[in-house]
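So the structure is just underneath, and the comments pick up after that.
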Amino acid sequence: MNPLSLIFALLTSFCFGQKMSFIYEVNYRLNHQMPDEFTTKTMILDFVDKESIFRESMDRKSDSLKMNNGSPMLSSGFENQFYIKKDLSNHKISKIITNGQFCYLLPIEETINWKISSEKKKIGIYNSQKAVTTYGNREWTAWFSNDIPINDGPYVFSNLPGLIISITDSGGDYKFNLVQIKKSANLFNARVKPLLIDWNKYDQLAKIYYENPNAEIEQKIRNAKKVVMKDAQGNVIDFDIRKMNKDDQENIRKNNNPIELNHRIKYK
């Protein structure tokens, strides 16, 4: 299929239901002490009519498992989670934070105002136009395409006259690039009863977690009669919860370059 035929087919799909999945490659830098070290992950924007969920591919699989009575793998901690729900009809954007068995809803109330430029370029097969904004104390440059007529995009970004194909912050810490489009029939909206929090509560919860990152494991050990830890070869190893906590705390402090710089947590 040639590019023009593909675009026409996509437009037809949008007109009859608007149920699509947009797959993004996301590159991000969490540790400024290692400026050349980036994490690369696949993240998916599921769009059904005027609602969408953006999340890592593993989170999407976990949600699908949960909706089919499976046992999902859940995130732990509070930093560097990308799970975003949008209700575009009502202009609502929320961040979902999952820490073990607990799930929290954090409304995004920061207004994202776009300045659309006359600058245009071709990105792959898409005719794209430039727009800039600020969010989370970062300056962002986005390229959106009228070829895909929905006003959504990765993470919290939306409300442009076309899908956001690419968006990068000025420091080069976060880069979202569209790599694939698929037809979709389900949002897999599994996290439906989260606890409502604000940024202050988020800060408090994250610091409590930081004080003992392995609290759930520690509780299970207390409740168990006997715990034996083994390495990959089956050899019995010592279980040192204090060392585990120390290592996890160091990792949290190092990887403290969130998208929302204005809400970066100051750990001791």
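Residue-wise test of (1) in contact (Cβ under 8 Å) with a residue 12 or more places away in the chain; (2) touching an Asp or Glu at 6+ places or on another chain (Cβ under 9 Å).
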| site | (1), (2) |
| --- | --- |
| Ser94 | yes, yes |
| Tyr104 | yes, no |
| Asn113 | yes, no |
| Ile116 | yes, no |
| Glu119 | no, no |
| Asn127 | yes, yes |
| Thr133 | yes, yes |
Query raised in the report: Out of all the residues in the range 109-117, is one or more over 20 Å from Tyr174 (Cα atoms), among the hydroxyl-bearing types (Ser, Thr, Tyr) and outside any strand (DSSP E or B)?
Result: no
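Residue-by-condition table, conditions (1) of a type in the set (A, V, I, L, M); (2) closer than 20 Å to Ile96 by Cα:
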{"residue": "Thr168", "(1), (2)": "no, no"}
{"residue": "Asn177", "(1), (2)": "no, no"}
{"residue": "Gln180", "(1), (2)": "no, no"}
{"residue": "Asn189", "(1), (2)": "no, yes"}
{"residue": "Leu196", "(1), (2)": "yes, yes"}
{"residue": "Asp203", "(1), (2)": "no, yes"}
{"residue": "Ala206", "(1), (2)": "yes, yes"}
{"residue": "Asn214", "(1), (2)": "no, no"}
Query raised in the report: Is the range 35-45 home to any residue that is assigned to a strand (DSSP E or B), touching a residue at least 60 places away in the same chain (Cβ under 8 Å) and not β-branched (Val, Ile, Thr)?
Result: yes
Report task. Might you check whether a residue that is of a type outside the set (Asp, Glu) and closer than 22 Å to Gly162 by Cα occurs anywhere in the range 57-76? Result -> no
**Report entry** Hits in the range 202-215 - residues which are surrounded by fewer than 16 Cβ atoms within 10 Å (Cβ to Cβ) and either free of Cβ contacts under 8 Å to residues at least 24 places away in the same chain or among the hydroxyl-bearing types (Ser, Thr, Tyr) (or both)
**Finding:** Gln204, Ile208, Glu211, Ala215
Query raised in the report: Among the candidates Ile165, Ile150, which residue alone is crowded, with 19+ Cβ neighbours inside 10 Å, among the hydrophobic types (A, V, I, L, M, F, W, C), without any contact (Cβ under 8 Å) to a residue 60 or more places away in the chain and more than 28 Å from Ala206 (Cβ to Cβ)?
Result: Ile165
Requested in this report: May I ask you to say which residue of Ala224, Ala232 is exposed (fewer than 11 other Cβ atoms within 10 Å of the Cβ), over 30 Å from Val26 (Cβ atoms) and either of a type in the set (Val, Ile, Thr) or at pLDDT below 95 (or both)?
Outcome: Ala224
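The values are calculated or read from the model by the stated rules, or taken from the named source; none is laboratory data. Fair warning: this is a prediction, and the values are worked out from it, not measured in the lab. Because the Cβ atoms are built from the backbone with ideal geometry, glycine has one as well, and the counts that use them run over all protein chains shown.
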